[in-house]
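Chemist: Submitted below is the structure of interest, expressed as structure tokens.
The values are calculated or read from the model by the stated rules, or taken from the named source; none is laboratory data. All values reported here derive from a predicted model rather than from experimental measurement. When we count neighbours, we look across all protein chains shown, and the Cβ atoms used for this are built from the backbone with ideal geometry, even at glycine. The accessibility values were calculated without ligands, DNA or RNA, using every heavy atom of the protein model including side chains. Shrake-Rupley method; radii C 1.70, N 1.55, O 1.52, S 1.80 Å.
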Amino acid sequence: MAVLSKIRNRSGLLLLAIGFALLAFVVQDLFSSGMKSISTDVGSVNGKDISYDEFRIMVANAEKNAQAQGQNVTSMQASNQVWNQQVQIELLKAEFDKLGIRVGEKHLIEVFKADPNIGQNPMFLNAAKKFDLKKFKDYFEATPEGKKALKDREKDADLNAKYQIYNSLVKGAMYTTNAEGKFKYESETNKVNFDFVMVPFSSVKDSDIKVTDEEIVAYMKTKEKKFKSEESRELDYVLVQEKPSAQDEADVKKHIDGLLSSSARYNKETGVTDTIPGFRTVTDNAEFVNANSDIPFDSTYIAKQDLPAAVAEQLFNLPVGQVYGPYMNNDYYCISKALGRNPGAKAKSSHILISWVGAERAQPKEQRTKEQAKIKAEGILAQAVANPGMFQMLAMTSSEDPSVQQNGGDMGYISRDTGFAKGYKDFVFGNPVGKIGLAETEFGYHIINVTDKQDAIKLATIAEKIEPSEATNDVTYTTATKFEADAEKKDFGALVKEMKLNVNPAVRVKAIDESFGTMQNQRQIVKWAFESGTKIGSVKRFEIVNMGHVIVKLKSIAEKGLMSVEEARPQVETVLKNNKKAEKIIANMKDSSLAAIASKNKVAVMNAVDSTIENPNLLGAGFEPKVVGMAFTSKAGQVSKPIQGNSGVYVINTKMVTKAPAIQKYTDYINKIKQQVANYSGRVLPALKNDADITDDRANFY
């Protein structure tokens, strides 16, 4: 009792101690995760935060919209779509504010009217078939939900209207001056002839030139925007596949073989040994297939072109009642029995469509009556019957089917249950190959040419998937776990070779990536790579459904800023090597004549004739704008200093510059430039994004 009394008296101290312990645990967890869990924003654009609560609702809506349109998107794909959209919106809103762009109700109404779902919706049209703003507002303001929906639409319309003004301002600023037209004219028409010697970079061996990591970093710092990079992780990985063994395959084949013939089975209830019919002799083929196959019985007729290519000939010509197999079809062992043949089940045709006003899908501008359409169709029919070889040309010139330009009226193969108009199918299946005639449907009059027919067959097919057995999966698991354990202390690449697994190149991932190398939807691997507890050298095994085990080792970490040297080297090394090669080549080009320089470097003197600034391609050397530009500005008859070009180092001797004759107007050249800059307004958003301070913290939430 005394002990209990003491516990009661000190219970407050005990609870306080527990409280401190829990607090310490929570604080430690927060610090170990970088306090990411308390963030309420998925990121920011130029200091403007994007709330996670609002963002996740937008992502959920994007997923719903995609599903409604029959698209399968992952949460991360929807997140990327919404993120890119929100970044663009924040960048544009900042620009709208800077420029003082404002819109009123008239602007919003025009945006609404331009939306076909609103502007052409019969619910919002008056008696004159014009958009009625009162009807539109009354519809939405009838309920609280409608009012909210209208406010959301007005927000979207406000942004849309402002963007249209902003885009017009940007396009309005992109004008072309007379001076630009003159420069364009002279760039195309001024010509220069010169002799040159080119010593290629390839004359210096790559092995003689070394580029250090420090040189690559120094080069990147001169072009930081080009080489800026997000935080990333480089990962070594190996896939230990869960795939069937040769024994698994043999077992499936044996089981399939066993289904062909009758078998004896003892019946405990009757005490009699029953004979179970095999696939060759069974009468209820559908029941037998459904009881023994991984793929249900299919009662449809199949054309030869739709059969597995490797065995199409054997299956298509199989006599009714006969069995073919076992044979492989993808990951299945199969046996098939022929059940019947349907002559002419598939038919191919071409057509020419002539519609009339009011016909289904007729063009809005169509004014032809049904009687006039028939007269025209009969005239084309007479031409086609008289000269069948002209059918495709007649279709190209006369048909009102929008798809005719791609296929010349060819409708491909159809069956009786294909979703074509009844009148069309009746003609195609009711006439022999080569018949050209007229059919009427709700779409118009069709001049139809029946070009081919194919038989189709019905098969009963038992298919058993070849899958790894439990014993095989045990071996795979043992291999994967052994690799995981050994990878902690051994070289990853050497271990892959030692265990005779497939070598994969290292993969670099960013925090918000979803795919991993060639494997889609592997967010779990990417998240692990960025966890605070994952250090260089850390190893983890991941089980991937229907694939196997992926063992990953963190190879390197690249912080946000400049690209890592490894990542930049493929882009930078050649440039720096060529710079060093140029120094060696230039040291060997110090002579007073091109012939002497050419002889010394074991190359030939070449000629450039009528080169222009617009087209600076040199025969035998390639695209060299810097060299051609120097030729225009060099003194005639004087050997130039060495010029480092794209393919090597050049020394030139300008022979003659021919100036373009003066002209009064440069309209044609101004128009050429206008065509080039017509779509330059599309560069605005990428430019704004490149200069913006964007923080993407979605990896903390997804």
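Chemist: Take the residues in the range 422-453 that are in contact (Cβ under 8 Å) with a residue 12 or more places away in the chain and among the basic types (Lys, Arg); name whichever of them is most open to solvent (accessible area, probe 1.4 Å). Quick ask: steps written out before the conclusion?
Modeler: In the first step, residues of the range 422-453 are kept if they are in contact (Cβ under 8 Å) with a residue 12 or more places away in the chain; the result is 422-424, 426-429, 431-453.
With among the basic types (Lys, Arg) added as a condition, the list becomes 422, 435, 453.
Working: LYS422: 143, LYS435: 88, LYS453: 60 Å².
Across the range 422-453, the extreme among qualifying residues is LYS422.
Chemist: Go through the range 348-378 and report how many residues are open to solvent by 20 Å² or more (accessible area, probe 1.4 Å) and either hydroxyl-bearing (Ser, Thr, Tyr) or not in a strand (DSSP E or B) (or both).
Modeler: Selection size over the range 348-378: 20.
Chemist: May I ask you to list the residues in the range 399-412 that are closer than 19 Å to GLU360 by Cβ and open to solvent by less than 60 Å² (accessible area, probe 1.4 Å)?
Modeler: The first filter runs over the range 399-412 and keeps only residues closer than 19 Å to GLU360 by Cβ, leaving 399-404, 409, 411.
Selection gives SER399, GLU400, ASP401, SER403, VAL404, GLY409, MET411.
Chemist: Test each condition in (1) surrounded by fewer than 18 Cβ atoms within 10 Å (Cβ to Cβ); (2) touching a strand residue (DSSP E or B) at 6+ places or on another chain (Cβ under 7 Å); (3) assigned to a strand (DSSP E or B); (4) of a type outside the set (Gly, Ala, Ser) for VAL385 and report the one that comes out false.
Modeler: With respect to (1) surrounded by fewer than 18 Cβ atoms within 10 Å (Cβ to Cβ); (2) touching a strand residue (DSSP E or B) at 6+ places or on another chain (Cβ under 7 Å); (3) assigned to a strand (DSSP E or B); (4) of a type outside the set (Gly, Ala, Ser), VAL385 is out only on (3).
Chemist: Another question, then. Take ASP294 and tell me if it is at pLDDT 95 or above, open to solvent by 80 Å² or more (accessible area, probe 1.4 Å) and either in contact with a helix residue (DSSP H, G or I) (Cβ under 7 Å, 6 or more places away or on another chain) or assigned to a loop (DSSP other than H, G, I, E, B) (or both).
Modeler: Working: at pLDDT 95 or above: yes; open to solvent by 80 Å² or more (accessible area, probe 1.4 Å): yes; either in contact with a helix residue (DSSP H, G or I) (Cβ under 7 Å, 6 or more places away or on another chain) or assigned to a loop (DSSP other than H, G, I, E, B) (or both): yes.
Yes: the conditions hold for ASP294.
Chemist: Output the residues belonging to the range 213-238 that are over 26 Å from PRO686 (Cα atoms) and crowded, with 20+ Cβ neighbours inside 10 Å.
Modeler: If the condition is that a residue be over 26 Å from PRO686 (Cα atoms) and crowded, with 20+ Cβ neighbours inside 10 Å, then ILE216, LEU235, ASP236, TYR237, VAL238 are the ones that fit.
Chemist: Looking at the range 671-693, can you tell me whether even one residue there is outside any loop (DSSP other than H, G, I, E, B), among the charged types (D, E, K, R) and in contact with a helix residue (DSSP H, G or I) (Cβ under 8 Å, 6 or more places away or on another chain)? First the steps, then the outcome.
Modeler: Let us first name the residues in the range 671-693 that are outside any loop (DSSP other than H, G, I, E, B), namely 671-677, 680-691.
Then keep just the ones that are among the charged types (D, E, K, R); that gives 672, 674, 683, 689, 691.
Restricting the remaining residues to those that are in contact with a helix residue (DSSP H, G or I) (Cβ under 8 Å, 6 or more places away or on another chain) gives 672, 689.
Yes - at least one qualifying residue is present in the range 671-693.
Chemist: Counting just the residues of the range 593-614 that are farther than 18 Å from LYS655 by Cβ and assigned to a loop (DSSP other than H, G, I, E, B), which one comes out most open to solvent (accessible area, probe 1.4 Å)?
Modeler: Taking the candidates together, the pick is LYS602.
Residue by residue, here is whether (1) more than 12 Å from TYR445 (Cβ to Cβ); (2) among the β-branched types (Val, Ile, Thr) holds:
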position: ALA359; (1), (2): no, no
position: PRO364; (1), (2): yes, no
position: LYS370; (1), (2): no, no
position: LYS376; (1), (2): no, no
position: VAL385; (1), (2): yes, yes
position: MET393; (1), (2): yes, no
position: SER398; (1), (2): no, no
position: MET411; (1), (2): yes, no
position: ASP417; (1), (2): yes, no
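Chemist: Considering each residue of the range 297-347, count those that are in contact with a Cys (Cβ under 6 Å, 6 or more places away or on another chain) and surrounded by 19 or more Cβ atoms within 10 Å (Cβ to Cβ), and give that number. Lay out the reasoning, then the answer.
Modeler: First, pick out the residues of the range 297-347 that are in contact with a Cys (Cβ under 6 Å, 6 or more places away or on another chain): 325, 327.
If we keep only those that are surrounded by 19 or more Cβ atoms within 10 Å (Cβ to Cβ) too, we end up with 325.
Adding up the residues that qualify gives 1.
Chemist: Going by what's in this entry, would SER245 be described as in contact with a helix residue (DSSP H, G or I) (Cβ under 9 Å, 6 or more places away or on another chain), open to solvent by less than 80 Å² (accessible area, probe 1.4 Å) and under 30 Å from HIS549 (Cβ atoms)?
Modeler: Judged against the criteria, SER245 is a match.
Chemist: Continuing with this model, one more query. For the range 315-365, which residues satisfy the criterion of being among the basic types (Lys, Arg) and modelled with pLDDT of 95 or more? Talk me through it step by step, then tell me what you get.
Modeler: Pass one, the range 315-365, residues among the basic types (Lys, Arg): 337, 341, 346, 348, 361, 365.
Residue satisfying the conditions is LYS337 alone.
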